Every structure is written in C-alpha cells, then in structure tokens.
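Everything on this sheet refers to the single structure shown next.
The values are calculated or read from the model by the stated rules, or taken from the named source; none is laboratory data. Note that this is a predicted model, so its numbers are computed, not measured. In this analysis, Cβ positions are derived from the backbone assuming ideal geometry, glycine residues included, and neighbour counts consider all displayed protein chains. Remember, those area values only see protein heavy atoms, side chains included, never the ligands or the DNA or RNA. Shrake-Rupley method; radii C 1.70, N 1.55, O 1.52, S 1.80 Å.
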Amino acid sequence: MSESKTYVRDATGLVREIGVITATIFILSNVIGGGWQKKVYQAAGAAPIKPENYILPIEPIVIAFLITGAAAIATVFCFAVMATAMPRAGGGYVYISRTISPGVGFVAAWAEFMGIALSYGLIAVAVVEFFGLFLPVALPALEPITDWLFDPIPLFVLGAVFTFAFGALAYFGASMTGKVLHLMFWIPAVITLTIYLFLILGALDPGTMATGIENFTTYTPAEWIDEAVAQGINDNEVTDYVTAVNAAVMAAYWAWIGYAAISFAAGEVKEANRSLPISHLAAGFIILGVYVTVSTFMAMAASVGTGTVAGSEGWTFFQAQAYLGYGEGSAGTDFPNRAWMPFVAMMSSSGFNFVGLGDLLNISFAIAAVLWLANDLPPFVTTSSRIIFAMSFDRALPEAFAKVDERWHSPTNAIIFVCFVALLGAFGEADIFGTKGFGMLLGEGEKVPILYDIFNPGGSIGGTDLLDAVFFTTACVSAIILPRKLKDVYERSGWRPKIAGREAVVIMGIIALILNIYIDLLILGPASAGVLQYLTADGAPAAGLLGFFPPLMPNIDGILPSDMTDPIGTINWWFWWYILLIAVGAVVYIFMKNYYSKRGVDFTTIYASIPPE
C-alpha cells in the first residue's frame with residue numbers, strides 16, 4: 001500500500017508582508033473601480049422615474065447601495081470571523097471546504113475564481129477603453145490618436161498586454177505589488193476630493209451648473225430634456241419606486257465585487273487576527289460612504305433645468321442625460337454620452353470657469369477615472385492566483401500550481417494560469433466576436449453565432465455577477481455552521497463578538513445569507529427566464545430558475561446584458577456558458593480527488609485540518 005500523504009509540503013512558502021493599511025487599500029482598490037462612476041446614471045436611465053414618485057427623497061441607486069452595502073458588510077463581518085480563525089491563502093475556499101464539504105468548497109471557490117479571473121481580463125480591456133473615453137474629452141488634441149483604441153483587435157491586444165504586465169508585477173510578490181498599489185490608489189483618491197468639491201459646488205449653484213452643462217456639451221439642459229422626451233422617456237417611465245430600486249440593485253451589485261478581496265491573501269497579512277477585521281470592516285464602510293455620497297452629489301448637481309415641450313414636466317437634465325446614455329434613448333453624435341462622474345465634474349468646473357485651470361482640472365479628472373479602474377488589476381491577479389494556489393496546496397489541483405518562487409514568495413504558475421484564463425474576459429469586453437471584430441468575416445453587421453452570445457461586454461459583467469453570487473451565498477452558510485461544527489477553530493478567531501458570542505455570528509450569517517439570496521434572485525430571475533421558456537413546451541412566460549418566484553424587476557437595457565433573456569424557442573447561450581463554468585469545477589474536483597486518492601493522498605485528513613502557514 002502506498003504511503004498516505006496530505007499537503008504538498010509542510011509550509012506554504014508564502015510570507016506575511018501585507019500591513020493593515022495596505023490590506024485596506026487592497027480592498028478599496030479592488031472594489032472602487034469604473035462602474036461606480038456611472039451607476040447613478042445607469043439606474044436612472046434604465047428605470048426613469050420622476051422625483052415626485054419617490055417614496056423617500058433619495059435616489060433609487062442610493063437605496064440600492066445601502067441594500068447591497070448591508071449585504072456586503074454583513075458578509076465581511078462573517079469573513080472577518082472566518083479569516084481570523086483560518087488566516088490562510090484561498091480565503092473562502094478554505095472556510096467552505098472545512099465547514100460544509102470539500103466538494104462544495106471547491107466548486108464555490110472555482111466559481112469565484114472564474115468570476116475574478118474573467119473580471120481581470122475584462123477590466124484590463126476596460127482600462128484601454130477608459131483611456132480612449134476620458135482623455136480626448138479632457139484634451140481634445142488626443143482624439144485622433146485614441147480613436148483606434150475602440151476597435152476590437154487593438155482593444156484585445158492592449159488588454160492582454162495589461163493582463164500579463166500586472167501578472168509580471170504579481171510575480172515580484174505581495175510587498176512589491178502593495179507598493180505599486182499605494183501609488184495607484186492615492187493619486188486618484190486625492191484627485192477625487194477635488195471632484196467632490198465641484199459636484200458640491202454644482203449642486204449649490206444650479207445656474208452656474210446649467211452654464212457649465214451648455215459649455216461642456218454645447219446644449220442647454222432644456223434641450224437635453226426635450227430630446228429625451230422626443231426619444232420616448234415618458235413611454236419608458238417607471239412610476240413605482242420599489243421597481244426602480246430593484247433595478248438599481250442590479251446596477252449596484254457589480255460595484256461591490258471584491259469587498260472580501262484581502263481574505264484570499266490572508267496567508268500573507270501581518271498580524272492577521274488584528275489586521276483582517278480592521279481592513280474588511282473599515283473598507284466596507286468607506287466604500288459605502290463613497291458610493292452613497294458621490295451618487296447623491298452627482299444627481300443633485302445634474303438635477304437642473306426644465307423642458308420646453310409637452311410631456312417634459314417633472315424631468316431634469318439628470319434623468320434626460322441618464323435616459324439618453326443608458327436607457328432606451330440614444331445619446332449619439334449630437335447628444336454624446338457624458339453621464340459619468342468625471343464628466344459631471346468637468347461640467348461644473350466649466351461653469352465656474354477657473355481661468356487657467358480648466359484643462360488641468362479636466363485632465364486630472366480623467367486621470368482619476370482611469371486610475372480608479374486600473375488599480376483593480378493588482379488585487380484581481382493576487383486574489384485569483386491565491387485561490388488556485390490553495391486548491392493546489394490541498395492537492396485538489398495539480399501540484400505545479402502550488403509552486404512558490406523562493407525569492408519573491410509568489411505562486412508563479414498560479415499567476416500564469418490566471419493570466420491565460422483572463423483572456424476569456426478580455427474576449428468579451430473587447431467585443432472580439434461582434435460586428436467590428438471577427439463578425440466582419442461573415443458580412444457587414446454580422447456577429448459570430450453562439451460565440452458572440454457568450455463573449456460580449458454585457459454578458460461578461462452579468463456572468464461574473466452570477467459567479468460571485470454563488471460563492472458569497474455559500475460562504476454565508478459556512479459562517480452559520482462554523483461556530484458549532486468547528487468549535488476549536490472558532491475559538492482561535494480574533495474577531496469573536498463579546499455580546500451573544502457564537503449566536504451573534506450565526507445571526508449575522510443568517511442576515512447576510514438572506515440579503516445575498518435577495519440579490520441572487522434579482523440575478524437569476526431575469527437571467528434564466530429565457531431558459532425556462534425554451535424548456536417549457538407551451539412557451540409560457542418564465543419567472544426564472546425559481547418558477548414560483550415572481551420577477552422583482554423587468555429585463556432592463558443598460559443594467560442587464562441585452563441577450564440575458566432570449567426569445568421563446570432559442571437557447572440562452574450566455575446563461576448556459578456560466579453554468580458550464582461552474583460544472584467544470586465539479587468535474588475537475590472529482591477527477592483530481594480520484595487521481596490523487598489512487599496515489600495514496602488522504603483527502604479526509606487534508607480537509608479535516610487547516611493548511612499550515
């Protein structure tokens with residue numbers, strides 16, 4: 001009989017060199033990216049609602065951020081407990097596999113890995129898009145140079161360059177990555193204080209803001225409102241505040257992805273028992289504060305003007321711009337889409353006309369927008385590679401992925417694997433199979449069948465939401481189980497509530513689970529409706545995977561991918577692709593378990609203990 005074996009080696013080879021401030025910045029950078037800069041507009045454009053129909057005098061997206069923020073903070077509370085009890089690389093993979101079951105832990109973490117790795121490639125391409133979107137507006141002389149950035153092939157190639165460049169940075173270890181990340185974080189953070197100033201000034205002086213809008217867009221707020229009315233904003237108006245909030249939740253959730261990022265690199269955090277709770281909770285509340293305040297000030301600053309045509313009553317420039325940018329309206333050449341945080345700040349600065357500072361301010365706003373997105377990349381490659389490393393260290397993946405560089409203490413092969421998987425996300429965001437990509441080979445205006453349905457910009461974002469939701473919902477169950485099932489492990493946690501103790505953790509886990517399920521239903525309902533229509537003989541309208549659960553929101557353009565629900569009789573390739581990715585994880589786990597078990601590896605012993613340092 002072959003000798004029984006457990007882990008790949010006696011020590012991981014990773015080194016604890018991430019301090020509490022870097023750990024906090026790690027989360028802030030991963031979460032505060034590009035989407036939050038336009039979420040208030042996406043939500044308002046997809047579900048246009050007049051302020052007179054508000055139940056509360058608050059923008060629906062702000063309520064949505066509070067809901068998703070409550071889910072995130074309740075979840076990170078649970079992660080703080082689990083991370084300090086099991087401060088190891090892999091984060092949720094370790095927690096779930098030791099509390100629920102190894103198979104569930106692997107599949108859930110595999111879904112999260114795919115979501116993070118695909119997002120890594122997606123964001124790498126989006127950074128290139130941001131260069132082409134913001135810098136020419138701030139400095140028009142750059143426009144001829146940046147036009148070509150929006151073609152699929154250059155987008156994909158440059159996105160791939162960014163992907164492997166930040167992969168190379170990750171090779172030099174967590175310490176070097178942290179130093180670069182500090183630079184990429186503090187520059188946009190300081191500039192954002194100036195953006196806050198101009199948003200507040202615009203909100204306090206509507207007349208000057210209106211002048212700035214006309215200077216910046218060449219159209220008055222009234223002309224924007226009249227154009228929105230002409231393009232049917234009244235026909236698409238939402239009068240129910242709850243419906244508008246539910247639509248906004250879908251927009252808000254993407255902006256929270258990464259809120260437990262540092263837990264995946266917990267094995268490299270100094271004084272983990274103290275640092276992990278502080279970084280998780282501090283980052284969660286800071287993010288919530290930023291999202292709520294920026295969205296509020298953006299809406300207040302842009303809520304100026306009145307229309308001049310019939311049907312324009314009650315609408316402002318804010319709703320008009322949102323509808324033309326992200327709703328059923330079309331912000332084309334005449335009314336370009338400027339519904340982004342930096343653009344609103346540029347409008348305000350244009351109105352106040354600080355002589356000699358206009359171009360400098362605009363350029364700084366554009367740089368901040370790009371860097372907020374680009375600083376997502378170091379955390380993405382770090383977190384996803386640590387998941388693969390942890391799985392390999394448990395022998396649930398080939399041992400080669402557990403290789404650590406002796407000098408830089410980084411999981412080199414895991415990082416390389418992440419970079420190649422990320423290219424799938426880059427395919428989608430670059431629209432490589434669309435009308436300007438390989439679809440051109442089939443004819444003008446054509447798209448590559450099936451491949452475009454799977455790899456498209458909207459589908460990539462919606463799919464990573466789905467994968468992320470699977471993981472965090474499962475992790476909440478893990479937190480509920482931990483205090484009872486693994487009492488000794490729980491007692492080692494540096495974050496145990498003094499009041500109510502274990503019961504407090506269980507209660508918080510249940511609250512987090514309920515909030516995550518609510519978000520899951522918003523995602524799964526519309527996403528799977530087309531699937532059920534295809535599977536039902538009579539083609540009856542479907543409510544989602546849970547057929548008895550009524551949809552909480554319509555399939556709204558601008559929030560969900562346009563093909564999330566397909567016509568009756570067609571296959572929703574987008575949905576099945578992401579279900580397949582999850583299923584692949586199950587197949588890989590079964591294969592590797594059988595492979596190593598035949599070679600004497602004792603999986604029972606591995607998952608009955610916490611991995612070594």
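What the table shows:
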{"read-out": "Pairwise FRET efficiency - LEU139 versus ALA608, Cβ, R0 = 56 Å, nearest 0.05", "value": "0.40"}
{"read-out": "Carbon + sulfur, % of accessible area of the chain - ligands and nucleic acids excluded, 1.4 Å", "value": "66"}
{"read-out": "Global form of region 149-224, assessed from the alpha-carbon gyration tensor, a/c cut-off 1.5", "value": "oblate"}
{"read-out": "222 nm mean residue ellipticity, helices alone, for the chain (DSSP H n ≥ 4; -39,500 (n - 2.57); rounded to 500)", "value": "-21500 deg cm²/dmol"}
{"read-out": "Relative contact order [Cα under 8 Å, 6+ residues apart], the chain, whole percent", "value": "30"}
{"read-out": "Added length on full extension, which subtracts the Cα-Cα distance from 0.36 nm per residue, GLU503 to TYR54", "value": "157.9 nm"}
{"read-out": "Segments 310-320, 367-377, 34-44 sorted - mean Cβ within 10 Å per residue, highest first", "value": "34-44, 367-377, 310-320"}
{"read-out": "Simple label model, 7 Å out from Cα along Cβ direction - VAL157 to ARG492, nm", "value": "5.1"}
{"read-out": "Computed magnitude of the charge dipole of region 206-285 (debye, nearest 20; Cβ of K, R +1, Cβ of D, E -1)", "value": "700"}
{"read-out": "FRET efficiency estimate (nearest 0.05) - Cβ-Cβ, GLU271 to ARG407, R0 25 angstrom", "value": "0.55"}
{"read-out": "Calculated FRET value between LEU204 and ALA165, using beta carbons and R₀ = 41 Å, to 0.05", "value": "0.45"}
{"read-out": "For TYR120, net neighbour charge (Lys/Arg +1, Asp/Glu -1) across residues whose Cβ lies under 12 Å away", "value": "-2"}
{"read-out": "Segment ASN215-LYS436, length gained on full extension (0.36 nm per residue, minus Cα span)", "value": "76.3 nm"}
{"read-out": "Relative contact order [Cα under 8 Å, 6+ residues apart], region 218-318, whole percent", "value": "46"}
{"read-out": "Region 99-214: C-alpha gyration tensor shape, a/c 1.5 cut-off, then a/b vs b/c", "value": "prolate"}
{"read-out": "Net charge contributed by nearby residues that have their C-beta within less than 14 Å of PHE591 (K/R +1, D/E -1)", "value": "+4"}
{"read-out": "Within the chain: Cβ-based charge dipole about Cα centre, in debye rounded to nearest 20 (Lys, Arg +1; Asp, Glu -1)", "value": "2900"}
{"read-out": "Whole-number accessible area per residue in Å² for the chain, which is evaluated in the context of all protein chains at 1.4 Å", "value": "37"}
{"read-out": "Segment GLU313-ASP240, length gained on full extension (0.36 nm per residue, minus Cα span)", "value": "24.5 nm"}
{"read-out": "Cα gyration tensor shape of region 299-349, rounded if a/c is under 1.5, else prolate or oblate by comparing a/b with b/c", "value": "oblate"}
